[in-house]
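**Q** One structure coming up, written as C-alpha cells, with questions to follow.
The values are calculated or read from the model by the stated rules, or taken from the named source; none is laboratory data. The structure displayed is predicted, hence computed values, not measured ones. Cβ placement follows ideal geometry from the backbone for every residue including glycine, while neighbour counts extend to all protein chains displayed. We work out accessible area using only protein heavy atoms, side chains counted, and drop any ligands, DNA or RNA first. Shrake-Rupley method; radii C 1.70, N 1.55, O 1.52, S 1.80 Å.
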Amino acid sequence: QVQFVESGGGLVQPGGSLTLSCAASGFTFSGYAMSWYREAPGKERELVAFITRDGTGSSYPGSVKGRFTISRDNTKNTVYLQMNSLKPEDTAQYYCTAPDLKYGSSYSYYWGQGTQVTVSS
C-alpha cells in the first residue's frame, strides 16, 4: 500500500536550518510529482514545495521561496526539503504526498504521520 514516512523535524532557533526527508513506498515513485505541505495549529494545510517526476522542475509559494529547496532521489524513493533561514511562522507539522496519487471517490491524498518542526528561541 502507499506509504509516506517523514523524518528530520525538530526544534531549531530562528535563522537555523533543517532538512526533512520523506521515504515513499507502495507505488512507482519516479512516475509521480511530489509535494511538501505543512499544517500549523488552527490553520489549514498548505503547500510549501512541489517537484516534478524527474526533479528538473520545482515551485514554491512566496512565503518560503528563496529559503526552502525541494529535491528528490528516485533511486532511494525519497524526497527532501531543505529549509534555511527558518522563522517562527514556519512552525508546523510537515507532510509529503504525491499530488496526482489519490484514492476513494473523494479523491483523497495519501498522507504520512508527518514530522514536527518548531522554530523558537
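**Q** Scan (1) open to solvent by 60 Å² or more (accessible area, probe 1.4 Å); (2) closer than 19 Å to residue 109 by Cβ; (3) modelled with pLDDT of 95 or more for the single condition residue 65 breaks and write down its number.
**A** The one condition residue 65 does not meet is (2).
**Q** Right, here's the next one. Go through the stretch 22-32 and give me each residue that's open to solvent by 30 Å² or more (accessible area, probe 1.4 Å) and touching a residue at least 60 places away in the same chain (Cβ under 8 Å).
**A** The answer is 27, 32.
**Q** Additional query: Looking at residue 54 and the list (1) more than 19 Å from residue 114 (Cβ to Cβ); (2) surrounded by 13 or more Cβ atoms within 10 Å (Cβ to Cβ); (3) acidic (Asp, Glu), which single condition is not satisfied?
**A** Here residue 54 clears every test but (2).
**Q** Pick out the one residue from 85, 121 that is of a type in the set (Gly, Ala, Ser), surrounded by 12 or more Cβ atoms within 10 Å (Cβ to Cβ) and more than 21 Å from residue 4 (Cβ to Cβ).
**A** The conditions single out 85.
**Q** Something else about it: For the stretch 112-121, what are the residues that are touching a Phe, Trp or Tyr at 6+ places or on another chain (Cβ under 8 Å) and either without any contact (Cβ under 8 Å) to a residue 24 or more places away in the chain or in a loop (DSSP other than H, G, I, E, B) (or both)?
**A** Once the filter is applied, which keeps residues that are touching a Phe, Trp or Tyr at 6+ places or on another chain (Cβ under 8 Å) and either without any contact (Cβ under 8 Å) to a residue 24 or more places away in the chain or in a loop (DSSP other than H, G, I, E, B) (or both), the stretch 112-121 yields 112, 114.
**Q** Does the stretch 4-21 contain at least one residue that is at negative phi, touching a residue at least 12 places away in the same chain (Cβ under 8 Å), of a type in the set (D, E, K, R) and not in a strand (DSSP E or B)?
**A** no
**Q** What is the residue count in the stretch 94-111 for residues that are open to solvent by less than 70 Å² (accessible area, probe 1.4 Å) and not in a strand (DSSP E or B)?
**A** Number satisfying all stated conditions: 5.
**Q** Does residue 35 meet the test of being closer than 17 Å to residue 99 by Cα and in a strand (DSSP E or B)?
**A** Values: closer than 17 Å to residue 99 by Cα: yes; in a strand (DSSP E or B): yes.
So residue 35 passes the test.
**Q** Also: Looking for whichever is among the polar types (S, T, N, Q) and in a strand (DSSP E or B) here; the options are 30, 71, 63. Which one fits?
**A** None of the others qualify; the one that does is 71.
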